[in-house]
Amino acid sequence: DAGVIQSPRHEVTEMGQEVTLRCKPISGHDYLFWYRQTMMRGLELLIYFNNNVPIDDSGMPEDRFSAKMPNASFSTLKIQPSEPRDSAVYFCASMPGVGGTGELFFGEGSRLTVL
Amino acid sequence: AQSVAQPEDQVNVAEGNPLTVKCTYSVSGNPYLFWYVQYPNRGLQFLLKYITGDNLVKGSYGFEAEFNKSQTSFHLKKPSALVSDSALYFCAVSPSGGYQKVTFGTGTKLQVIP
């Protein structure tokens, strides 16, 4: 398996623009997570899905952030409008469901810079 | 609420010496405990986990960790450090009854000096 695939790896945009980050989880994994990593706040859980359904979005910073999972093999994290404080590395991770014990499989991350 | 504390921002160790990266946790019920490693510009990689059973767990690359319930600790150890072990290490915890909700520590940078 190719692992969790994220795109783009790097994104530079200007304040006010819409940003869409994409993720393909490992096939067969029932859970998908979006994390954000910054120097100041470390690794924060934004939202997670189970079988394509959002379960907990309490970590989403504000209404400018939205996430979708239209099918088992694809998820997006959208920021509209983007602000400089959104600059961070965004990680997608997936986890098996049945028989799983909490081990997360991370993608390589999408580094977002908002100017 | 669950939490993880990694008291050291950075640990320096000479190559060949034993290393320890500290972690303490707080969680309701029985914990699932994890260590992950992150190399520069990469995602986190799973190293090892404690679910139940033997308090000493062994993982990838010669790392091991010891679960201590009374001290609520899960320190990462390796008998002999390699320069290639230099990276950022994260401890994480989740409750066994809700293992999907994983909380990470702030990370400890390990620097192995040749």
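Observations on the structure shown:
- Label-to-label distance, nm, for residues given as A:Gln80 and A:Asp63 (7 Å Cα→Cβ offset): 1.4 nm
- For B:Ala81, the residues 5 or more places off, or on other chains, whose built amide H falls under 5 Å of its own are B:Gly16, B:Asn17, B:Leu19.
- Kirkwood Rh and Cα Rg combined as Rg/Rh, chain A: 0.95
- Sites A:Glu44 and B:Ser80, calculated FRET efficiency, Cβ-Cβ separation with R0 35 Å, nearest 0.05: 0.55
- Summed side-chain charge close to A:Phe91 - residues other than A:Phe91 whose Cβ falls under 12 Å, Lys, Arg +1, Asp, Glu -1: +2
- Taken about its Cα centre, chain A carries a charge dipole of roughly 180 debye when the Cβ of each Lys and Arg holds +1 and the Cβ of each Asp and Glu holds -1.
- For chain B, the fraction of alpha-carbon pairs in successive 5 Å shells from zero, as %: 2, 13, 24, 26, 19, 10, 4, 1, 0
- FRET efficiency estimate (nearest 0.05) - Cβ-Cβ, A:Thr113 to B:Asn68, R0 25 angstrom: 0.05
- DSSP beta bridges in chain A [antiparallel fraction, %, rounded to 5]: 90 percent
- Amide hydrogen proximity for B:Phe63: with H placed 1.01 Å from N in the peptide plane, no residue at 5 or more positions away or on another chain lies under 5 Å.
- Between the stretch B:40-67 and the stretch B:86-106, the alpha-carbon centres lie 11 Å apart.
- Neighbour-limited loop hits for trypsin sites (Lys or Arg not before Pro), the stretch A:1-98 (at most 16 other Cβ within 10 Å; DSSP other than H, G, I, E, B): A:Arg9, A:Arg41, A:Arg64
- For the cross-link pairs A:Lys24/B:Lys101; A:Lys24/B:Lys22; B:Lys22/B:Lys101; B:Lys69/B:Lys101; A:Lys24/B:Lys109, the ones whose C-alpha atoms lie over 27 Å apart are A:Lys24/B:Lys22; A:Lys24/B:Lys109.
- Listed residues A:Ile26, A:Ile55, A:Ile47, most fluctuating in chain A (Gaussian network, C-alpha, under 10 Å): A:Ile55
- Residues in the stretch B:108-114 carry Karplus couplings, in order, of 10, 7, 9, 10, 9, 9, x Hz; the curve used is 6.51 cos²θ - 1.76 cosθ + 1.60 with θ = phi - 60°, and Gly or Pro positions show x.
- GluC sites (Glu not before Pro) lying in DSSP loop within the stretch A:11-82, provided at most 13 other Cβ fall within 10 Å: A:Glu14, A:Glu18, A:Glu62
- Sequence-ordered 3J(HN,Hα) estimates for the stretch B:37-53 from the Karplus curve with 6.51, -1.76 and 1.60 and θ = phi - 60° stand at 10, 10, 8, x, 6, 10, x, 6, 10, 5, 9, 6, 8, 10, 10, 6, x Hz, glycine and proline given as x.
- Amide H to amide H, with H built 1.01 Å from N, A:Glu108 comes under 5 Å of A:Gln6, counting only residues 5 or more places away or on other chains.
- Panel note: the C-alpha atoms of the protein assembly as shown, placed on their principal axes, show extents of 49, 39, 34 Å (largest first).
- Under Karplus coefficients 6.51, -1.76 and 1.60, residue-wise ³J(HN,Hα) of the stretch B:6-16 in Hz, glycine/proline x: 10, x, 10, 5, 9, 10, 10, 8, 6, 4, x
FYI, it's all coordinate maths here, none of it is from the lab. Everything quoted here is computed from the prediction, not taken from an experiment. Counting neighbours? That spans all protein chains shown, and the Cβs are built from the backbone with ideal geometry, glycine included.
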